[in-house]
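**Q** Dropping a structure here in structure tokens format, bear with me for questions.
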Amino acid sequence: MKRTKEQSRKRIHMRVRKKVNGTPERPRLSVYRSNKAIYCQVINDLTGNTLVSASSQGMTGTNSAQASEVGKLVAERAKAAGIETVVFDRGGYLYHGRVKALAEGAREGGLQF
């Protein structure tokens with residue numbers, strides 16, 4: 001039986017998650033991309049808590065521009081929460097397009113990874 005695109009992405013994500021772990025000092029910046037929006041969370045994996053989150057729901061503009069704005073927004077919220085460095089979790093997606101734009105926006109906002 002052939003795997004769907006979502007099943008393949010989940011397998012890749014699990015492979016990435018073996019190596020990428022968020023700690024209180026350096027939490028994980030997780031990305032989820034749907035057809036309509038892009039979402040990201042800063043997560044402490046030791047306690048399982050979401051520290052900061054942002055999404056592109058309600059934003060206007062191109063998809064890449066929205067992703068860049070979400071990256072800047074999550075960086076701003078993370079700075080306010082006292083978070084300077086994170087580990088980037090691309091969520092099984094290719095580091096290209098909206099995912100790359102979000103990462104670059106977060107770097108512009110002041111997050112280090």
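Just so you know, all these numbers are worked out from the coordinates, no wet-lab data involved. Quantities reported herein were computed from a predicted structural model and do not represent experimental measurements. Ideal geometry is used to build each Cβ from the backbone, glycine not excepted, and the neighbour counts take in all protein chains shown.
**Q** Based on the alpha carbons, how large is the Rg to Rh ratio for the chain when Rh follows Kirkwood?
**A** Across the chain, the Cα-based Rg/Rh ratio is 0.97.
**Q** Straight-line reach only, C-alpha to C-alpha below 14 angstrom: list the aspartates and glutamates that LYS18 could link to, leaving out same-chain residues fewer than 8 apart.
**A** ASP45, ASP89
**Q** Select from segment 28-63 those trypsin sites (Lys or Arg not before Pro) which occupy a DSSP coil region and have at most 10 other Cβ atoms within 10 Å, ordered by residue number.
**A** Filter output for segment 28-63: LYS36.
**Q** Same structure again: Would you list which lysines come within 22 Å of LYS2, measuring only between C-alpha atoms, while excluding same-chain residues fewer than 8 positions from it?
**A** Straight-distance partners of LYS2: LYS10.
**Q** Between THR4 and HIS96, take the C-beta separation as r, use R0 = 25 Å, and let me know the FRET efficiency to the nearest 0.05.
**A** Result of the calculation: an efficiency of 0.80.
**Q** Can you tell me the relative contact order of the chain? Whole percent, Cα pairs under 8 Å, sequence separation 6 or more.
**A** In percent, rounded to a whole number, it is 29.
**Q** For LYS72, list the lysines whose Cα falls under 25 Å from its own Cα; do not include residues on the same chain fewer than 8 positions away.
**A** Candidates past the 8-residue exclusion: LYS36, LYS100.
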